[in-house]
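Engineer: Take this structure first; my questions come after.
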Amino acid sequence: MNQQKLKSIFAEALGIEESQVTDTLAYNTIPEWDSVAHMALVAEIDDQFDIMLDTDDVLDLSSFAKAKEILQKYDIRFE
Amino acid sequence: MLLKNKVVFITGASRGIGQAAALLFAEHGARLILHARYAASLTETIEKVAKVSSISPYVLTYDVKDFPSIKNSFKAIKKEFGRLDVLINNAGVMNESLLGLVSDELIGQTMETNVHSVLYHMQYASRIMMKQKEGSIINVSSIAGTNGIEGNSAYSASKAAVIGATKSVSKELAPYHIRVNAVAPGFINTDLIGHYKDERLEKVIESIKMKRIGEPKEVANVFLFLASDLSSYVTGQVIGVDGGMVV
């Protein structure tokens with residue numbers, strides 16, 4: 001459930017298809033995921049999961065797989 | 001009412017300009033979030049606000065140099081209000097010292113309080129405001145930041161840094177319809193100038209074209225303009241509130 005939710009967030013924030021959101025999707029490897037979109041992505045994750053990411057985590061959030069790893073620190077589980 | 005139901009966060013709201021802003025914004029229907037280092041120091045502001053508004057302020061107490069507390073405060077704001085319309089970065093310190101007497105400790109304390117905390121408050125506020133696609137951030141600089149004041153190099157440097165940060169962030173956040181401006185007060189009747197007496201005070205007043213000290217409310221009036229839709233097309237600006245002071 002959270003996997004799909006996060007996928008939707010990435011697709012919405014980056015303006016890409018959900019099919020493009022895989023574990024290997026990484027920051028700055030597609031034109032849509034630049035630094036500006038990164039901030040929109042962070043705002044969307046904050047909002048949808050009702051959290052506030054630490055600045056260090058914002059900087060570490062370098063891929064979809066890494067996002068899942070980071071979110072577990074905020075008690076958001078992925079099966 | 002220019003700010004009816006707008007959620008407004010004011011740091012350093014216990015006295016002076018911050019308190020004046022709290023009162024003015026309460027009169028204009030804002031839902032206030034008031035910050036001070038200690039809860040007791042906000043008592044006077046809260047009592048005054050209660051006389052002009054039926055909405056009780058939400059209180060946050062922390063040292064602005066304690067950066068994890070800044071994040072926790074914004075988490076609390078998000079939980080309590082779900083949004084943030086206006087942030088006023090007003091908390092600050094002024095430590096006078098001639099250049100030769102400026103210490104590492106003084107520089108560190110001044111920069112952490114006046115610059116680092118402003119950046120972190122903007123960072124977290126913008127995360128809430130970006131989602132809303134609207135918001136106004138007002139940073140309090142100083143005539144010391146625009147013109148420099150002798151015996152105040154660290155403070156002047158910190159307030160100049162606030163201007164640089166304001167202009168930079170205004171460009172980053174404009175696409176999200178978040179406006180970011182700075183206000184540069186001159187010589188205002190607050191505790192910060194309490195040690196100016198007699199000849200020294202007269203000399204400063206002489207340097208002000210309007211020949212008087214400014215009042216905190218006169219700065220708060222400019223905050224109100226920048227916080228409200230009256231300034232809907234104004235961003236990246238530094239507005240002096242100094243009565244024509246020359247330094």
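The values are calculated or read from the model by the stated rules, or taken from the named source; none is laboratory data. Fair warning: this is a prediction, and the values are worked out from it, not measured in the lab. Cβ: placed from backbone, ideal geometry, glycine included. Neighbour counts: every protein chain shown. Remember, those area values only see protein heavy atoms, side chains included, never the ligands or the DNA or RNA. Shrake-Rupley method; radii C 1.70, N 1.55, O 1.52, S 1.80 Å.
Engineer: Scan region A:8-26 and report the pairs whose first residue is in a helix (DSSP H, G or I) and whose second residue is among the aromatic types (F, W, Y), with Cβ atoms within less than 7 Å and a gap of 6+ or a chain change.
Structural biologist: From residues that are in a helix (DSSP H, G or I), the pairs are A:F10/A:F64; A:L14/A:W33.
Engineer: Within region B:187-200, does at least one residue satisfy the condition of being out of contact with any Leu (no Cβ under 8 Å at 6 or more places or on another chain) and part of a strand (DSSP E or B)?
Structural biologist: Checked region B:187-200: at least one residue is out of contact with any Leu (no Cβ under 8 Å at 6 or more places or on another chain) and part of a strand (DSSP E or B).
Engineer: For region B:101-123, does any single residue satisfy the condition of being open to solvent by 10 Å² or more (accessible area, probe 1.4 Å), away from chain A (no Cβ under 14 Å) and part of a loop (DSSP other than H, G, I, E, B)?
Structural biologist: Checking region B:101-123: at least one residue is open to solvent by 10 Å² or more (accessible area, probe 1.4 Å), away from chain A (no Cβ under 14 Å) and part of a loop (DSSP other than H, G, I, E, B).
Engineer: Considering each of A:I70, A:I45, A:I30 in turn, give the residue that is touching a residue at least 24 places away in the same chain (Cβ under 8 Å) and open to solvent by less than 60 Å² (accessible area, probe 1.4 Å). Show your work before the answer.
Structural biologist: Values: A:I70 fails: touching a residue at least 24 places away in the same chain (Cβ under 8 Å); A:I30 fails: touching a residue at least 24 places away in the same chain (Cβ under 8 Å).
Exactly one of A:I70, A:I45, A:I30 is touching a residue at least 24 places away in the same chain (Cβ under 8 Å) and open to solvent by less than 60 Å² (accessible area, probe 1.4 Å), namely A:I45.
Engineer: I'd like to know if region B:148-160 contains one or more residues that are within 19 Å of B:V8 (Cβ to Cβ) and in contact (Cβ under 8 Å) with a residue 60 or more places away in the chain.
Structural biologist: Going through region B:148-160, the residues within 19 Å of B:V8 (Cβ to Cβ) turn out to be none.
No, region B:148-160 has no match at all.
Engineer: Give me a count of the residues in region B:176-228 that are open to solvent by less than 40 Å² (accessible area, probe 1.4 Å), closer than 19 Å to B:I88 by Cα and of a type in the set (A, V, I, L, M).
Structural biologist: 12
Engineer: Right, another one. State yes or no: is B:L34 crowded, with 23+ Cβ neighbours inside 10 Å and either more than 14 Å from chain A (Cβ to nearest Cβ) or modelled with pLDDT of 95 or more (or both)?
Structural biologist: When the stated conditions are applied, B:L34 passes them.
Engineer: Let me ask you something else. Just give me the residues in region B:35-58 being in contact with a helix residue (DSSP H, G or I) (Cβ under 6 Å, 6 or more places away or on another chain) and either aliphatic (A, V, I, L, M) or under 25 Å from B:G194 (Cα atoms) (or both), in sequence order.
Structural biologist: B:A36, B:T45, B:K48, B:V49, B:V52
Engineer: Looking at B:N5, B:N72, which is the one that is of a type in the set (S, T, N, Q) and more than 22 Å from B:A227 (Cα to Cα)?
Structural biologist: B:N72
For (1) in contact with a Ser or Thr (Cβ under 8 Å, 6 or more places away or on another chain); (2) part of a helix (DSSP H, G or I); (3) open to solvent by 70 Å² or more (accessible area, probe 1.4 Å), each residue gets a yes or a no:
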| position | (1), (2), (3) |
| --- | --- |
| B:S56 | no, no, yes |
| B:L60 | yes, no, no |
| B:D63 | yes, no, no |
| B:N72 | no, yes, yes |
| B:A76 | no, yes, no |
| B:K79 | no, yes, yes |
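Residue-wise test of (1) over 27 Å from B:V169 (Cα atoms); (2) within 14 Å of another protein chain (Cβ to nearest Cβ); (3) out of contact with any Lys or Arg (no Cβ under 7 Å at 6 or more places or on another chain).
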position: A:S8; (1), (2), (3): yes, no, yes
position: A:A26; (1), (2), (3): no, no, yes
position: A:D57; (1), (2), (3): no, yes, yes
position: A:D60; (1), (2), (3): no, no, no
position: A:E69; (1), (2), (3): yes, no, yes
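Engineer: Next question, about the same structure. Filter region A:48-64 down to residues that are of a type in the set (A, V, I, L, M) and open to solvent by 40 Å² or more (accessible area, probe 1.4 Å), then give me how many there are. Talk me through it step by step, then tell me what you get.
Structural biologist: Step one: list which residues in region A:48-64 are of a type in the set (A, V, I, L, M), which gives A:51-53, A:58-59, A:61.
Now drop any that are not open to solvent by 40 Å² or more (accessible area, probe 1.4 Å), which leaves A:59.
Counting residues in region A:48-64 that are of a type in the set (A, V, I, L, M) and open to solvent by 40 Å² or more (accessible area, probe 1.4 Å) gives 1.
Engineer: Something else about it: All but one of (1) more than 14 Å from every other protein chain (Cβ to nearest Cβ); (2) open to solvent by 50 Å² or more (accessible area, probe 1.4 Å) hold for B:V140; which doesn't?
Structural biologist: The single condition B:V140 does not satisfy is (2).
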